[in-house]
Amino acid sequence: MDPGDSLSSIPYHIGIIMDGNGRWAQEHGLPRLEGHRAGTDNLRRVLEACGEYGIKIVTIYAFSTENWQRPLDEVKGLMGILERVMEKEVENLHREGVRLRHVGEMQGLSDKLRRAVLDAIELTKDNEGLTLNVAFNYGGRAEIVRGARRLLEDDVDPGSVDEELFGRYLYTAGMPDPDLIIRTGGEMRLSNFLIWQSAYAEYYSTPTYWPDFDKEELAKALQAYAQRDRRFGRLKV
C-alpha cells in the first residue's frame, strides 16, 4: 500500500492497543520485560510509518489503571522502561516535529517520571507534526467519572450538558475522536480504552504481537479501514 493511495480514506486519528508483548517474549524464551522493551523499540518504527501514511494523531495504550494489579516486579520494570524512553527518545521525537500529550492520571507516578512527562509535553507543545497521545495510567471509565466530577465542580447547568460539552471535560478535549482502533495480539475487546471517544471508530484486530507489528501490518489495517462503509448510524443514500 503506497502512502499516496486512497488518501481520502486514511484515518486522521488512530488508537493502538499494543498487546502481546509478554506472549512474544515467552515464545522467544525471554522474560516478559524483554517483550515490553521490544514493543517500545517498535513504537518508533510504527510512528514513522504513520507519518508516511499521513495519519495525524496516534493514541497508544501504554499502561492502564488495571495494569497496577500486575506483579510488582513487572510494574517496576514498566516504569523503568518508560523513564528510559523519556530520557532517550523525547529529543528525537521533538526533532521530528512530534507533539507529545499525556492521556491519563499523574497520580501514582514517581516525581522523576512525572517531571519528565511534563517537560516532554512542554518541549513539544508547539510542534506541528504527528501528535502522539500516550495513554499512561489511563482507564476509560475513570476518565468519564473524572469528567462528570469536573462538571459538578464547575457547577454547570444540567440542562446545558450535551455530548460536545462533556467532551471538553475529557483528556482528549480539543481533538477529533479516533477513526480506527487497532489491537494487536489477537484479542477482540477495547479493554477500557477510549470507550467514550471510540463510539463510532472502526475496529481492527490482528493476531500479530505488538513487537512484530510493522509497516506492512499497519498497511493491512489501513486497507481494512478503507473498505469500511462509515455511516455513523445513518442510512446510506
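What fraction, in whole percent, of alpha-carbon pairs in segment 193-233 exceed 11 Å separation?
When all Cα pairs of segment 193-233 are counted, 70 percent exceed 11 Å.
Regarding segment 85-181, what's the average projected area of the Cα-atom convex hull, expressed in nm²?
About 7.5 nm², averaged over all directions.
Hey, can you rank 123-131, 11-19 by average C-beta count inside 10 Å, highest first?
Top to bottom by mean Cβ count within 10 Å: 11-19, 123-131.
For segment 77-132, build the convex hull from the C-alpha positions and give me its volume per residue in Å³.
Residue-normalised Cα hull volume stands at 74 Å³.
Can you tell me the relative contact order of segment 8-225? Whole percent, Cα pairs under 8 Å, sequence separation 6 or more.
31 percent
Quick check on packing: order 151-163, 25-37 by the mean number of other C-beta atoms within 10 Å, highest mean leading.
Result, highest mean Cβ count within 10 Å first: 25-37, 151-163.
How big is segment 8-225 along each principal axis, measuring the range of its Cα positions in Å and listing the largest first?
That gives 57, 43, 35 Å along the principal axes, largest extent first.
Which net charge results when you count Lys and Arg as +1 and Asp and Glu as -1 among the other residues whose beta-carbon is under 12 Å from that of residue 206?
Its environment carries a net charge of -4.
Could you give the spread of the C-alpha atoms of segment 141-237 along their three principal axes, from largest to smallest, in whole angstroms?
Result for segment 141-237: principal-axis Cα extents of 49, 39, 21 Å.
Suppose only helical runs count, i.e. DSSP H with n ≥ 4. What mean residue ellipticity at 222 nm does that imply for the chain under -39500 (n - 2.57) per run, divided by all residues and rounded to the nearest 500 deg cm²/dmol?
Taking each H run of at least 4 residues, the total per residue is -13500 deg cm²/dmol.
Considering amide H positions built from the backbone, and no H for Pro or chain starts, which residues 5 or more places from residue 103, or on another chain, come under 5 Å of its amide H?
Counting only residues 5 or more places away or on other chains, the set is 134, 135, 136.
When you count, for each residue, the other Cβ atoms within 10 Å and take the mean per peptide, how do 75-82, 222-229 rank with the highest first?
Peptide ranking by packing, descending: 75-82, 222-229.
Test of understanding: ordering 106, 175, 188 by Cβ neighbours within 10 Å, fewest first, what list do you get?
In increasing order of surrounding Cβ atoms, one gets 188, 106, 175.
Laboratory data are not the source of any read-out in this text; all were calculated from the coordinates shown. As the structure is a computational prediction, the values presented were derived from the model and not from experiment. Here the Cβ is made from the backbone with ideal geometry for all residues, glycine too, and neighbour counts use every protein chain on show.
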